[in-house]
Amino acid sequence: MRIRVAEIPEEGLRIEGPESFDHPFQDPTWVLADASLAVEKDGDAVFVHGSLAATVPQLCGRCLTGFDITVTPSIETRFVPSPTGRGDEQELGADDLETDVYDQGTLDLNALLETETSLALPMKPLCREECRGLCPVCGGNRNTTACACQERAPELRWEPLKVWAARQSR
């Protein structure tokens, strides 16, 4: 959804529900479950705040099983016009970390939704907290199959390197 900044009314805009966005994400497997946004203008600056809920397919970081995760980030973003030309370098302040830019008087809310959803995803997704992962010997999923593999014997080819490392640490 693109909004022309000049067309934002003085009282602002309210955007409610996922049906307000045709294709909010580039990946069609991501699903926007809910959205509630307020868009307000103050001079050239545009403030977008609210919340969203999105369901995103993930792979477990331990057992590689696919599962869906629902994220519910809150949105507090300020947009300013894109600077024209390259000026002097400026140091960013703490308030600038929550600031984004819009180009040619148009605000792209789909990009905002995708960014906020991506940032809310876990760095190491887990299908469940007690996931046992994959067996390092046979590769079987320890959550579904009882694995009888013994731990691997240490690789003898690394033994000279271990001896050398022990001498270096003295």
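The values are calculated or read from the model by the stated rules, or taken from the named source; none is laboratory data. Remember, it's a predicted structure, so these values are computed and weren't measured experimentally. Using ideal geometry, Cβ is built from the backbone for each residue, glycine included, and neighbour counts are taken over all protein chains shown. Protein only, heavy atoms only, side chains kept; ligands, DNA and RNA dropped before computing areas. Shrake-Rupley method; radii C 1.70, N 1.55, O 1.52, S 1.80 Å.
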Contacts under 9 angstrom Cβ, first residue in segment 63-76 being under 22 Å from Leu112 (Cβ atoms), partner assigned to a loop (DSSP other than H, G, I, E, B) and open to solvent by 40 Å² or more (accessible area, probe 1.4 Å), 6 or more apart: Ile69/Pro122; Val71/Pro122
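Which of the residues spanning segment 141-170 are under 30 Å from Gly66 (Cβ atoms) and at pLDDT 90 or above? Spell out the reasoning first.
Filtering segment 141-170 down to residues under 30 Å from Gly66 (Cβ atoms) leaves 141-152.
Hits for segment 141-170 are Asn141, Arg142, Asn143, Thr144.
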What tally of residues in segment 49-67 results from selecting those that are closer than 19 Å to His23 by Cα and not small (Gly, Ala, Ser)? 4
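Each row is one residue, and each column tells you yes or no for (1) surrounded by fewer than 14 Cβ atoms within 10 Å (Cβ to Cβ); (2) on the phi < 0 side of the Ramachandran plot; (3) more than 22 Å from the chain's Cα centre (by Cα).
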{"site": "Pro18", "(1), (2), (3)": "no, yes, no"}
{"site": "Gln26", "(1), (2), (3)": "yes, yes, no"}
{"site": "Glu40", "(1), (2), (3)": "no, yes, yes"}
{"site": "Leu52", "(1), (2), (3)": "no, yes, no"}
{"site": "Leu64", "(1), (2), (3)": "yes, no, no"}
Suppose the filter is over 28 Å from the mean Cα position of the chain (by Cα) and surrounded by 10 or more Cβ atoms within 10 Å (Cβ to Cβ); does Ala165 pass it? yes
Qualifying residues in segment 139-161 (those that are surrounded by 11 or more Cβ atoms within 10 Å (Cβ to Cβ) and either without any contact (Cβ under 8 Å) to a residue 24 or more places away in the chain or more than 37 Å from the chain's Cα centre (by Cα) (or both)) - the one nearest to Gln58 (Cα to Cα): Gly140
Is it fair to say Asp27 is modelled with pLDDT of 90 or more, under 19 Å from Met123 (Cα atoms) and part of a loop (DSSP other than H, G, I, E, B)? yes
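Just to verify a result, which residue in segment 6-16, among those that are aliphatic (A, V, I, L, M) and not in a strand (DSSP E or B), is most open to solvent (accessible area, probe 1.4 Å)? Please lay out each step first, then the result.
Taking segment 6-16 first, the residues aliphatic (A, V, I, L, M) are 6, 8, 13, 15.
So of that shortlist, the ones also not in a strand (DSSP E or B) come out as 6, 8.
On the way: Ala6: 87, Ile8: 9 Å².
Once the filter is applied, the top-ranked residue is Ala6.
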Single unsatisfied condition, Ser118 versus (1) at pLDDT 90 or above; (2) in contact with a helix residue (DSSP H, G or I) (Cβ under 7 Å, 6 or more places away or on another chain); (3) not basic (Lys, Arg): (2)
Give the residue, chosen from Thr77, Thr99, that is at pLDDT 85 or above, β-branched (Val, Ile, Thr) and surrounded by 10 or more Cβ atoms within 10 Å (Cβ to Cβ). Thr77
